[in-house]
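Bear in mind that the values in this text are calculations on the coordinates, not laboratory data. The model shown is predicted, which means the values in this text are computed figures rather than measured ones. Positions of Cβ are backbone-derived with ideal geometry, glycine not excepted, and every protein chain shown enters the neighbour counts.
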């Protein structure tokens with residue numbers, strides 16, 4: 001697994017949490033929720049290929 005992916009996920013998490021706090025303090029709860037949701041979707045798009053590869057590896061392991 002690439003270490004850069006972990007750093008990217010951490011950076012998105014920090015950025016989303018800061019934006020979330022700023023938006024909540026200014027009374028924009030809907031935008032805070034959408035920002036969190038966008039960050040989650042972005043990270044899921046990055047992780048899905050690795051999860052797919054994991055399932056393929058597990059499937060190959062048990063078909064031996």
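Just a few scattered comments:
- Selection within the range 1-28 - without any contact (Cβ under 8 Å) to a residue 12 or more places away in the chain and touching a helix residue (DSSP H, G or I) at 6+ places or on another chain (Cβ under 7 Å): 24
- Top-ranked residue in the range 1-39 [being surrounded by 10 or more Cβ atoms within 10 Å (Cβ to Cβ) and in a loop (DSSP other than H, G, I, E, B); ranked as nearest to the chain's Cα centre (by Cα)]: 28
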